[in-house]
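Colleague: Dropping the structure in here first, questions after.
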Amino acid sequence: MTHSTIAAISTPPHAKGGVAIIRISGPDALAVARQVFIPRGKAELCKERARYAIFGDITYEGRIIDDGLATYFPAPHSYTGEDVVEISCHGGVLVTRMVLRAILAAGADMAEAGEFTRRAFVNGRLSLGEAESIGQLLDAKTEDQVLLHSSRSRQRLKEAISDISDALTSLLASVFARIDYPDEDLGELTHEEIKAVLSGSLSKCEALLRTYKTGSAISLGIPTVICGLANAGKSTLFNLLSGEELAIVTDIAGTTRDVLRGEVTLGGVLLKLCDTAGLRAGDGVDTVEKIGIERALDALDGAELVLALFDKDALGCSENEALAERISGMGNVRLALITKCDADSTQSVPEYISSHFDEVFFISAKERPDEAKRLISDKISSLFTDGSVVLGEDAIISDERQRASLTRACESIRLAISSIDAGAPEEIIASDIERATQELLMLDGRAVSEAVVGEIFKRFCVGK
């Protein structure tokens, strides 16, 4: 339990708005608030008026600087689990800072990034998974990310993890009882009954683990590179997918000299999109363009999805064949896009394309943009999301830490089942079950290290 009292601006601190909120949390929250907030009328800031918004004046250095509302939330029924007072003032940037300075002068300490939510976790108001989702919700850039990290989704994930860990904890207690009190009649579970519980838990863990594909694609995004020879239509496609004219499009080879980056949601997936310089060689390549080509190759090295463009009129070009060979081992998924095609294009695809790419599309980003975008969107959705997962309703993991813990839990459960089948001593079976249980406790923060907790909360903004 942290004993200091902290304060911070909880609304955007550098933007003007109708209302701003300054949050105070800790054992002296009420005492601090009373020094700066003077109620008008008979109402008081006190436990008897908990969760009521009280109107009054806000003072600093003996002067009234604003009027506003104060609301007291007594522990443990507050966001942090501590005494909390929220003071709402007019949302000017300067007046909000002055109110915060008054609160700090009254004895509160400035909150660190994520400290309010960290206290909520420490005080048992949130699991670590819920806290992580709140941080990701604050950073959400798409509607799907909002659904993924909504309060309902957070609750679903918490329930799913608790369901598995509670079953394993109960099973572990029974196994340990058999080990510690072999002569007692404790209603022992048979090995088959133990296996049945383990198998059920494994199935639930594996089902939850499968949601990572969808969760990570929506939350973390897919590094995606658009590549091809000069004038293959890369910048036109980049602009189409971005929905903005971000890249300069001309008929001059080498127009794009650097890697252009943008984020776009396509098929429900967040794409971290890169438009790269045309990959070509020869005497016409100057120093600047050469640097751009090197950067394009660097971007390809880190890509999960490669959209390789080939001009339909240059499919016999040796440079295109060399390009296909060059990127054959790059990216988890490689799509070939034959560009500048008519609606009824039926030409055959060279073997060097069909052998190195997962799928081939004939598109015209310039003449048939809606069709081109739909084809790519549908393919990306099928590749990176699971249509059976319902955002906002199902338990979904989206973080690498969660995926790693679940993977290790599955491995330990499988070992426990194998130990039973091999006739291993119950101490070994119990050890495997205990490791699985510990991984699940780490998943929701009940057995996680301080270093991991600190890494998670330092990503938060001040005031949350």
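A short reminder: the numbers here are calculations on the coordinates, not readings from a lab. Here the structure is a predicted model, which means the values were calculated and not measured. So basically every Cβ, Gly included, is an ideal-geometry build from the backbone, and we count neighbours across all protein chains shown.
Colleague: Can you tell me the equivalent ellipsoid semi-axes for region 6-126? Use √(5λ) from the Cα gyration tensor, largest first, whole Å.
Modeller: Semi-axes (√(5λ), whole Å): 21, 17, 12.
Colleague: Karplus couplings for region 391-407 from phi (6.51 cos²θ - 1.76 cosθ + 1.60, θ = phi - 60°), rounded to Hz, Gly and Pro as x?
Modeller: Coupling constants for region 391-407: 5, x, 10, 9, 6, 9, 9, 9, 10, 5, 4, 5, 4, 5, 5, 5, 4 Hz.
Colleague: Can you sort Arg125, Arg51 so the residue with the fewest Cβ neighbours within 10 Å comes first?
Modeller: Arg51, Arg125
Colleague: Simple spin-label model, 7 Å along Cα-to-Cβ: Lys42 to Lys366 in nm?
Modeller: Distance between label points: 7.9 nm.
Colleague: For a quick check: with amide H placed at 1.01 Å from N, whose amide H comes under 5 Å from Glu263's, ignoring anything fewer than 5 positions away on the same chain?
Modeller: Here Leu273 satisfy the definition.
Colleague: Further, regarding this structure: List the lysines whose alpha-carbon lies under 28 Å from that of Lys234, not counting same-chain residues fewer than 8 positions away?
Modeller: Lys141, Lys213, Lys272, Lys290, Lys312, Lys340, Lys366, Lys373, Lys379
Colleague: For region 92-106, just list the computed ³J(HN,Hα) in residue order, Karplus coefficients 6.51, -1.76 and 1.60, θ = phi - 60°, integers in Hz, with x standing in for Gly and Pro.
Modeller: The phi angles translate into x, 4, 5, 5, 5, 5, 5, 5, 4, 4, 4, 5, 5, 5, 7 Hz.
Colleague: Based on other C-beta atoms within 10 Å, arrange His149, His191, His14, His356 from fewest to most.
Modeller: Ascending number of Cβ neighbours within 10 Å: His14, His191, His356, His149.
Colleague: Compute the separation of the alpha-carbon centres of region 52-120 and region 392-449 and state it in Å as a whole number.
Modeller: 42 Å
Colleague: Let me ask another. How many angstrom separate the Cα center of region 152-167 from the Cα center of region 306-338?
Modeller: Centre-to-centre distance over Cα atoms comes out at 45 Å.
Colleague: With a sphere of radius 15 Å drawn around the Cβ of Val95, what net charge do the other residues whose Cβ falls strictly inside it have (Lys, Arg +1; Asp, Glu -1)?
Modeller: Here the charged neighbours net out to 0.
Colleague: Also, quick follow-up: Within a 10 angstrom radius of the beta carbon, how do Ser10, Ser25, Ser318 rank from fewest other beta carbons to most? Write down the numbers at each step before the final one.
Modeller: Working: Ser10 19, Ser25 29, Ser318 9.
Going from least to most buried by this count: Ser318, Ser10, Ser25.
Colleague: Something else about it: Along region 432-444, what does the Karplus equation 6.51 cos²θ - 1.76 cosθ + 1.60 (θ = phi - 60°) give for ³J(HN,Hα), rounded to whole Hz, x for Gly and Pro?
Modeller: Computed from phi, the couplings for region 432-444 are 5, 5, 5, 4, 4, 4, 4, 5, 5, 5, 5, 4, 9 Hz.
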